[in-house]
Amino acid sequence: MAVFKKTTEYELKAPPAWDDPYVSCEPITPADAVLAQGPTRAVWADVAGNIALVFEGDDTAVVLTIAARTLYKFRVKRINSTSTTATGIFAFR
């Protein structure tokens, strides 16, 4: 007897490709909690500095120094407030 798993709507959607257009952009306030709307496809900061990122497939923050007004194609699930000095951070999805 075959067993079939019920598929949810989320499972039917393929993740966006890197070259697909972004569908949203929102300001991010760094916090040591998971981003409410899911992982980002890119990150932008108005002011250069350090940014503590937790990548989608990891649980440990990585602190990187980023330049101002540069789009970084990072898939992150969280931007920690601890060790983040960059400001004007936006998440692109």
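FYI, it's all coordinate maths here, none of it is from the lab. Since this is a predicted model, take the numbers as computed values, not measurements. A quick note on method: Cβ atoms are made from the backbone with ideal geometry, for glycine too, and the neighbour counts reach across all protein chains shown.
Worth a mention:
- Tensor-based shape of region 36-79 (alpha-carbon gyration tensor, a/c under 1.5 rounded, otherwise prolate or oblate): oblate
- Other residues with beta-carbon under 14 Å from the beta-carbon of PHE90 carry, at +1 per Lys or Arg and -1 per Asp or Glu, a net charge of +2.
- Taking amide H as placed 1.01 Å from N in the peptide plane, ILE28 has its amide H under 5 Å from the amide H of ILE89, PHE90, ALA91, each at least 5 places away in sequence or on another chain.
- In percent, rounded to a whole number, the relative contact order of region 23-92 is 49, using alpha-carbon pairs under 8 Å and six or more apart.
- Among VAL54, VAL47, VAL23, sorting on how many other beta-carbon atoms sit within 10 Å of each Cβ, with the fewest leading, yields VAL23, VAL47, VAL54.
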